[in-house]
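Undergrad: Structure in structure tokens, see below.
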Amino acid sequence: MTRIRPRLVAAPLLVLIAVAATGCADPSADPRANGPGASASSSTAAKGYCPLPEEKGPTPTPCITFDWNQRVAENHAYRSPMPITTQQKAQAAPRAERLASALKKLAATGTTKEGLRAAAADALGMRSEEIEVQGDKFDPLRDMLVGGGEGRVCVNGTVDSAGQATAEVIGRTADGTCLPGLGGH
């Protein structure tokens with residue numbers, strides 16, 4: 001039978017208590033803290049948020065202007081398609097019609113992910129590895145996005161929850177894909 005020595009158990013416990021206690025310092029004791037006890041080297045005060053005109057309360061000085069809608073738009077700009085010319089749209093329009101037709105047939109019969117990629121690749125004149133797919137309802141084909149393209153031009157197709165298929169010619173997104181990214185927060 002093994003006997004545990006009290007000294008060996010107490011030593012790690014004391015170390016744990018000492019480590020935990022060191023993280024409990026008073027924040028005002030930090031020489032970097034802004035306020036009456038701040039050091040002379042800390043000449044820049046933290047800037048506050050500028051409240052919107054309809055918000056009540058004092059305005060901090062100096063304040064940082066902030067437009068939430070602009071910030072969200074900038075954050076999601078990578079999802080926006082790049083502009084393409086009218087000529088590029090016209091040149092890709094026949095491929096969009098072929099993709100919409102292929103998706104209508106598949107919506108009626110159902111398919112697999114590989115079958116969807118192959119049909120879209122055939123309609124767009126591409127390799128199936130170049131086709132992007134979002135969604136997971138293949139039989140019947142519903143709520144799906146499929147797309148592919150060359151250069152800045154993409155042809156994206158959609159099958160909605162009722163099985164209606166459409167396709168459109170758009171510019172590639174800023175992050176390099178034809179279909180919009182699924183990210184967000």
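The values are calculated or read from the model by the stated rules, or taken from the named source; none is laboratory data. Quantities reported herein were computed from a predicted structural model and do not represent experimental measurements. We place every Cβ from the backbone using ideal geometry, glycine too, and count neighbours over all the protein chains shown. Surface accessibility is based on the protein's heavy atoms, side chains included, excluding ligands, DNA and RNA. Shrake-Rupley method; radii C 1.70, N 1.55, O 1.52, S 1.80 Å.
Undergrad: Heavy-atom accessible area of E74 with all protein chains present, probe 1.4 Å, nearest 10 Å²?
TA: About 120 Å², rounded to the nearest 10.
Undergrad: I would also like to ask the following. What does the extension gain come out to for E132 and Q70, with contour length at 0.36 nm per residue minus their alpha carbon separation?
TA: My answer for the length gained is 19.4 nm.
Undergrad: What are the lysines whose alpha-carbon lies under 21 Å from the alpha-carbon of K113, with same-chain residues fewer than 8 places away excluded?
TA: K104, K105, K137
Undergrad: Check T111: other-chain or 5+ apart residues with amide H under 5 Å from its amide H, H built from backbone geometry?
TA: D139, L141
Undergrad: Please list E55, E150 in order of solvent-accessible area, largest first, computed with a 1.4 Å probe with all protein chains present.
TA: E150, E55
Undergrad: I'd like the accessible area for K105: 1.4 Å probe, protein heavy atoms, all chains in place, Å² to the nearest 10.
TA: 140 Å²
Undergrad: List the lysines whose Cα lies under 23 Å from the Cα of K56, skipping any in the same chain that are fewer than 8 positions away.
TA: K47
Undergrad: Work from the charge dipole of the stretch 55-185 (Cβ charges, +1 for Lys and Arg, -1 for Asp and Glu, about the Cα centre) and give the residue of G157, S128, S80 farthest towards its positive end.
TA: Of the listed residues, the answer is G157.
Undergrad: About its Cα centre, how strong a charge dipole does the stretch 87-185 have in debye, to the nearest 20, once Lys and Arg get +1 and Asp and Glu get -1 at the Cβ?
TA: Taking the Cα centre of the stretch 87-185 as origin, the dipole is about 240 debye.
Undergrad: If you don't mind, there's one more thing I want to ask. In the full protein assembly as shown, how much of D143 is accessible to a 1.4 Å probe, in Å² to the nearest 10?
TA: Rounded to the nearest 10, the figure is 70 Å².
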